[in-house]
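For reference, the structure is listed below as structure tokens.
Computed from the coordinates by the stated procedures, all read-outs in this text should not be read as laboratory data. Given the structure is predicted, the values throughout are model-derived calculations rather than measurements. All Cβ positions, glycine included, derive from the backbone under ideal geometry; neighbour counts span all protein chains shown.
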Amino acid sequence: MIFMRIVSWNCNGGFRNKYKDLFCAYPDADLFLVQECENPDFYNSREYKALFQNGFHVGTPDYSMKGIGVFSPKGNWLRRTKCKYGNPLHMMGYAFFEFDNIHKMLAVWPHGKYVEEMIDFFNLNESLITKDLLIIGDTNSCSVFNNHHPKNKNHDVLVELLKNKGLVDAYNYCTREAEGEENIPTFYLQRKKEKPYHLDRCFVAPERIEVFKVAENHDYWLTLSDHIPVEIMIRN
């Protein structure tokens with residue numbers, strides 16, 4: 001494997017009824033990360049449960065409908081790794097793991113105060129936030145919302161924190177667009193085209209980036225979710 005293809009999508013719930021759409025759109029993906037993904041342990045579908053035979057679900061034991069699904073359709077090796085959780089929301093929104101015993105990754109889906117919570121989680125696990133880490137998911141964070149957060153815990157602070165660790169936003173790096181001035185949205189509030197935002201992100205060392213893409217045909221994806229899938233291809 002010279003390049004690795006990773007796809008992240010907030011499915012807006014009901015992934016057990018949508019995963020075939022995602023697989024059809026990305027038949028060559030090595031790894032999928034799906035936010036708002038229901039826990040397969042709460043459902044009887046053998047086909048849906050089979051997705052997680054080589055993967056795992058991130059969530060709290062008593063909450064079936066929300067979490068992150070992480071799985072490799074090609075059977076690549078996955079293993080969760082330990083980290084510190086500051087509150088129950090962290091347990092549902094963050095997971096460190098290794099892929100093929102080589103790649104270190106962090107799946108994210110912050111809740112509550114969004115970027116403020118994410119910064120708290122990163123600071124709690126600062127020793128694990130290194131240049132060889134890849135962070136990906138629905139960050140619920142963008143510079144246009146900076147005024148909604150304290151000056152020491154907004155999106156620009158997050159970007160600078162990760163920049164100091166050697167990680168950049170793959171979309172902004174590839175397009176050279178400034179934070180908050182992204183031309184391609186990944187989220188439409190209430191699925192309305194007039195309310196676009198760029199919230200789904202991947203932070204990674206710039207030398208590892210081969211390409212970063214937001215899915216096309218937004219009208220189609222909006223029939224399934226309020227988010228648009230993103231794909232990154234990284235160099236091994």
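With the helix formula -39500 (n - 2.57) applied to DSSP H stretches of n ≥ 4, the chain reaches a computed 222 nm mean residue ellipticity of -5000 deg cm²/dmol.
Among Gly93, Gly69, Gly14, the largest mean-square fluctuation in a Gaussian network model of the chain, built with springs joining Cα atoms closer than 10 Å, belongs to Gly14.
Build a GNM of the chain with springs between Cα atoms under 10 Å apart, and of Gly75, Gly59, Gly67 the one that fluctuates most is Gly75.
Of the residues Ala178, Asn217, Leu158, the one whose Cα sits farthest toward the positive end of the charge dipole of region 82-236, with +1 on the Cβ of Lys and Arg and -1 on the Cβ of Asp and Glu, is Leu158. A straight Cα-to-Cα reach below 13 Å connects Lys74 with the aspartates and glutamates Asp28, Asp30, Asp100, residues fewer than 8 places away in its own chain not being considered. Projected label points at Asn54 and Arg80, each 7 Å from Cα along the beta carbon direction, are separated by 2.0 nanometres. The value of relative contact order for the chain, using C-alpha pairs under 8 Å at least six residues apart, is 20 percent. Based on the Kirkwood radius over alpha-carbon pairs, what is the Stokes-Einstein translational diffusion coefficient of region 126-205 at 37 °C with 0.692 mPa s viscosity, in µm²/s? Taking Rh from Cα pairs, D becomes 248 µm²/s. Placing a label point 7 Å from the Cα of Asn123 along the Cα-to-Cβ direction, the residues of region 156-180 whose backbone N falls under 13 Å from that point are 157-158, 161. Taking the DSSP beta bridges with both ends in the chain, the antiparallel portion is around 80 percent.
Whole-percent P(r), region 79-141, all Cα pairs, 5 Å bins from 0: 4, 19, 32, 27, 13, 5, 0. Across the alpha-carbon set of region 80-192, the Rg to Rh ratio works out to 0.95, Rh being the Kirkwood radius.
Of all DSSP-defined beta bridges confined to region 84-137, some 55% are antiparallel rather than parallel. Placing +1 on the Cβ of every Lys and Arg and -1 on the Cβ of every Asp and Glu, with nothing else charged, gives region 3-235 a dipole about its Cα centre of roughly 420 debye. Quick one: compute a quarter of the convex hull surface over the Cα atoms of the chain and quote it in nm². For the chain, the mean projected area of the Cα convex hull comes to 11.9 nm².
Rank by packing, highest mean first: peptides 229-235, 186-192, with packing defined as the count of other Cβ atoms within 10 Å averaged across residues. Spell out each step's value before the answer.
Values: 229-235: 20.9, 186-192: 15.7.
Ranked by mean Cβ neighbours within 10 Å, highest first: 229-235, 186-192.
For region 6-106, taking Cα atoms only, Rg and Dmax work out to 12.9, 37 Å respectively.
Sorted on the mean count of surrounding Cβ atoms within 10 Å across their residues, most packed first, peptides 207-213, 165-171 read 165-171, 207-213. Identify the GluC sites (Glu not before Pro) of region 158-201 meeting these criteria: DSSP loop state and at most 16 other C-beta atoms within 10 Å of the C-beta. Sites meeting the loop and neighbour criteria: Glu177, Glu181, Glu194. Just Asn44, Asn154, Asn125 to compare: in a GNM of the chain, with alpha carbon springs under 10 Å, which one fluctuates most? Comparing Asn44, Asn154, Asn125 in a Gaussian network model of the chain, the most mobile one is Asn44.
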